[in-house]
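Below is one structure; the comments refer to it alone.
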Amino acid sequence: MRVALELAVVLIVACHGAHAQQNARDLSGHWDRSSPLESFANTPGGTRNNAQPGSREAPFTTAGRAAFAANKPGYGPRRAMQRNDPMGRCEPLGLVRHLVAEIVAPHATFEIVQTPTRILQIFEYRHDWREIWLDGRALPQGDELYPKWNGFSVGRWEDGVLVVDSVGFDARTWLDKLGYPHTEDMRVEERYRRVDAETLELVVTVIDPEFYTEPWRSDVKRFRLNRDKSQRFDEQIHCVPAEEMTYQDLVGTGNVID
Amino acid sequence: MSRWQRSLAVAVGTLMAWPTVAHHGGGVEWGEETVGPITGTATKFAFQFPHVFFEMNVEEDGGLRQWTITTRWTPTILREHGWSRESIKPGDEVTVTYLPHVEKPRVGHMQTVEINGQSLPLSF
């Protein structure tokens, strides 16, 4: 009897290990942000209203600082009533802002649908999505490259980490709700690691020499698998101008379409 | 509602107001002190994105004035906590405490609410 029990335990552990191994390269599922909301490490204000201990200024170039000054956010130390946040105008949020997952729970979430050659990442808030090609293709260059809201993305596996490189961004989006800007020439690297069956980690690095003097790396973002959500009908959260403008007008935040 | 219940509601409302960060602003448009309660008759319930709001007529100086009360919640969040688009109907008696808008009169940010004398769940 004891031998049988020990054998059962060994089998359970082995199966669990095989399951975990199998999952390391499978990022499928609904993922809810579980880590505190910050956008990029050590930036003034984080996403709160006040400066964080140990914060330092973003590594702006002169042009980057000017672009930052032109953006009027509703959050952080520069928050103001009259703002020009693209979010408040129903404009696309852009890839990096989607990844920051700044919206309040339960909207700080995305779904990953994975095939052998392509990942579809679906962002619930705004009902937006992007693709990550896994088939070994190169990123577009020259005439094939043009600005898109979520850019062009290719991914590869490095051990247990999915490394995603992206280029070709529309510069009208912000990196986060604090109003950090970027250019069309921004490159973005994402590193996804499935820590265990329930946890996904993500680090985002922005490389944009025209606006930032050095690569700018985010905090380690953690997302928790939401199995229940996978069994439900999807949320269809669009930004509807008739609704958004009504609200913006109501609260008087200046985010109206000119 | 008894005095202590009103005090509790205001206290809870004040606590809820602390992270009054919706996704459309860092709270700069709202005052910091919860005021009210005020009571009126609902005329419209907008159970929609980005933030649910409702309108009601409130008696002031012998006449009726329209108030608009916003919430920091989305329909998704409110549905998860028992609300529906029928939670407030035209004609309902509505009592709210709120954060006042810093510039606009008769616009508030809901902290607590009672519909026809019944509290709607906000304990989240």
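Derivation of every value follows stated rules applied to the coordinates shown; laboratory data play no part. Given the structure is predicted, the values throughout are model-derived calculations rather than measurements. With ideal geometry, Cβ positions are generated from the backbone for all residues, glycine too; neighbour counts draw on all protein chains shown.
Please turn the phi angles of segment B:49-63 into ³J(HN,Hα) values with the Karplus equation 6.51 cos²θ - 1.76 cosθ + 1.60 (θ = phi - 60°), one per residue in order, whole Hz, x for glycine and proline.
Coupling constants for segment B:49-63: 6, x, 9, 5, 9, 9, 10, 8, 9, 10, 6, 9, 6, x, x Hz.
If you filter segment A:165-258 for chymotrypsin sites (Phe, Trp or Tyr not before Pro), then keep DSSP loop positions with at most 12 other Cβ within 10 Å, what is left? Working shown, then result.
Details: sites: A:Phe169, A:Trp174, A:Tyr192, A:Phe211, A:Tyr212, A:Trp216, A:Phe223, A:Phe233, A:Tyr247; in loops: A:Trp174, A:Phe211, A:Phe233.
Loop-located and lightly packed - A:Phe233.
With each pseudo-label sitting 7 Å past Cα toward Cβ, what's the A:Gln236-B:His81 distance in nm, one decimal?
For the pair A:Gln236/B:His81, the computed spacing is 2.6 nm.
Could you check what % of the DSSP bridge pairs in segment A:130-195 are antiparallel, to the nearest 5?
Of the beta bridges lying entirely in segment A:130-195, close to 85 percent run antiparallel.
Once amide H atoms are built 1.01 Å from N in the peptide plane, which residues 5 or more positions from A:Asp170, or in another chain, come under 5 Å H to H?
Sorted by chain and number, the residues that satisfy this are A:Lys148, A:Trp149, A:Gly151.
Please list, in order along segment A:231-243, the HN-Hα scalar couplings obtained from phi with the Karplus expression 6.51 cos²θ - 1.76 cosθ + 1.60 (θ = phi - 60°), rounded to whole Hz, x for Gly and Pro.
Couplings: 9, 10, 4, 6, 7, 10, 9, 9, 8, 9, x, 4, 7 Hz.
If you take the Cα Rg of segment A:77-166 and divide it by 2.2 N^0.38 Å, with N the number of residues, what do you get? Walk me through the intermediate numbers first.
Details: Rg = 15.4 Å, N = 90, 2.2 N^0.38 = 12.2 Å.
Working it through for segment A:77-166, the quotient is 1.27.
So what are segment A:64-216's ellipsoid semi-axes, whole angstrom, largest first, if each one is the square root of 5 times an eigenvalue of the alpha-carbon gyration tensor?
Equivalent-ellipsoid dimensions as semi-axes: 26, 19, 14 Å.
Under a crude label model (7 Å from the Cα following the beta-carbon direction), how far is B:Lys44 from A:Thr199 in nanometres?
Modelled inter-label distance: 4.8 nm.
Roughly how many whole Å is it from the C-alpha centroid of segment A:66-104 to that of segment B:91-124?
28
Under a cut-off of 28 Å between alpha-carbon atoms, report the lysines in cross-link reach of A:Lys148, not counting same-chain residues fewer than 8 places apart.
Once the sequence-local lysines are set aside, what remains near A:Lys148 is A:Lys72, A:Lys177, A:Lys221.
Which value, in debye to the nearest 20, describes the size of the charge dipole of segment A:155-258 about its Cα centre when Lys and Arg Cβ atoms bear +1, Asp and Glu Cβ atoms bear -1, and nothing else is charged?
520
If I take every Cα pair under 8 Å that is 6 or more residues apart in segment A:111-258, average their sequence separation and divide by the length, what percent do I get for the relative contact order?
14
How big is the antiparallel share of DSSP beta bridges in segment B:59-124, given as a percent to the nearest 5?
In segment B:59-124, DSSP labels about 80 percent of beta bridges as antiparallel.
Give the average, rounded to an integer, of partner chain Cβ atoms located within 10 angstrom of each Cβ in B:66-77.
For peptide B:66-77, the averaged partner shielding equals 2.
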